[in-house]
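Colleague: Could you have a look at this structure, given as structure tokens, before my questions?
The values are calculated or read from the model by the stated rules, or taken from the named source; none is laboratory data. Here the structure is a predicted model, which means the values were calculated and not measured. All Cβ positions, glycine included, derive from the backbone under ideal geometry; neighbour counts span all protein chains shown.
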Amino acid sequence: MEHNLWPFLLHWGITAVSLWVASHLFSGIRFASTGALIVSALLLGLANALVKPLLIVLTLPLTFLTFGLFLLVINALVLLLVSALVRGFTVTGFWTAFFASIFIAVFSFIIGAFVAGGTADYTIQMPHSGMWL
């Protein structure tokens, strides 16, 4: 169990740091408290794991038509969704979310590559045995 928990906590922390740095670089992103930042990072990871794949499948023709650039719009919409759900986290508009989501993705990738020992492979592994708990 502890072996599977560390990659999750690492990814959560990297997302929180990326959101925090983005809030200092983009004037349209604000956190009212540290708790709002932590909850936002957790909810952003959850939304990226559950909501984003659904949006990608639903907009697949548009994504193909734009050669994948519509994925940037989906990233911005997911960030706006998280800001609408978390009290204390505000994003002022779509374009702020658009550029901030690009920054967050790139910054998270770079930090993840340094923290994971030179590789960006810090994904959560499923148990190989039949036991999940």
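Colleague: Quick test of your reading of the structure: G68 fulfils all but one of (1) part of a helix (DSSP H, G or I); (2) modelled with pLDDT under 95; (3) not aromatic (F, W, Y). Name the failing condition by number.
Modeller: (1)
Colleague: Among the candidates A105, A113, which residue alone is among the small types (G, A, S) and either at positive phi or in contact with a helix residue (DSSP H, G or I) (Cβ under 9 Å, 6 or more places away or on another chain) (or both)? It would help to see each step written out before you state the result.
Modeller: Details: A113 fails: either at positive phi or in contact with a helix residue (DSSP H, G or I) (Cβ under 9 Å, 6 or more places away or on another chain) (or both).
The unique qualifying residue is A105.
Colleague: Could you tell me whether the stretch 5-28 includes any residue that is of a type in the set (F, W, Y) and free of Cβ contacts under 8 Å to residues at least 12 places away in the same chain? Quick ask: steps written out before the conclusion?
Modeller: Initially, the stretch 5-28 is screened for residues of a type in the set (F, W, Y), giving 6, 8, 12, 20, 26.
Subset that is free of Cβ contacts under 8 Å to residues at least 12 places away in the same chain: 6.
Looking through the stretch 5-28, at least one residue is of a type in the set (F, W, Y) and free of Cβ contacts under 8 Å to residues at least 12 places away in the same chain.
Colleague: Something else now. Being at negative phi, at pLDDT 95 or above and aliphatic (A, V, I, L, M) is the requirement here; does I56 meet it?
Modeller: no
Colleague: Go through the stretch 48-69 and count every residue that is crowded, with 18+ Cβ neighbours inside 10 Å and hydrophobic (A, V, I, L, M, F, W, C).
Modeller: Matching residues across the stretch 48-69 total 1.
Colleague: Of everything in the stretch 71-117, what is in a loop (DSSP other than H, G, I, E, B) and surrounded by 18 or more Cβ atoms within 10 Å (Cβ to Cβ)? Give them in sequence order.
Modeller: Across the stretch 71-117, the qualifying residue is only V86.
Colleague: Could you tell me which of the residues S23, S40 is touching a Lys or Arg at 6+ places or on another chain (Cβ under 7 Å) and not β-branched (V, I, T)?
Modeller: It is S23.
Colleague: Name the single residue that is surrounded by the fewest Cβ atoms within 10 Å (Cβ to Cβ) among those in the stretch 26-40 being of a type in the set (S, T, N, Q) and part of a helix (DSSP H, G or I). So that I can check it myself, show each step before the final result.
Modeller: So the first thing to find is which residues in the stretch 26-40 are of a type in the set (S, T, N, Q), and the list is 27, 33-34, 40.
Subsequent filtering for residues that are part of a helix (DSSP H, G or I) retains 34, 40.
Details: T34: 11, S40: 25.
Looking at residues that are of a type in the set (S, T, N, Q) and part of a helix (DSSP H, G or I), I get T34.
Colleague: Tally time: how many residues in the stretch 65-80 are in contact (Cβ under 8 Å) with a residue 12 or more places away in the chain and among the polar types (S, T, N, Q)?
Modeller: So the count comes out to 1.
Colleague: Scanning for something closer than 17 Å to V17 by Cα, among the polar types (S, T, N, Q) and touching a residue at least 40 places away in the same chain (Cβ under 8 Å), does the stretch 83-95 turn up at least one residue?
Modeller: Within the stretch 83-95, one or more residues are closer than 17 Å to V17 by Cα, among the polar types (S, T, N, Q) and touching a residue at least 40 places away in the same chain (Cβ under 8 Å).
Colleague: Given the residues L55, L62, L43, which is the only one that is within 17 Å of the chain's Cα centre (by Cα), free of Cβ contacts under 8 Å to residues at least 40 places away in the same chain and in a helix (DSSP H, G or I)?
Modeller: L55
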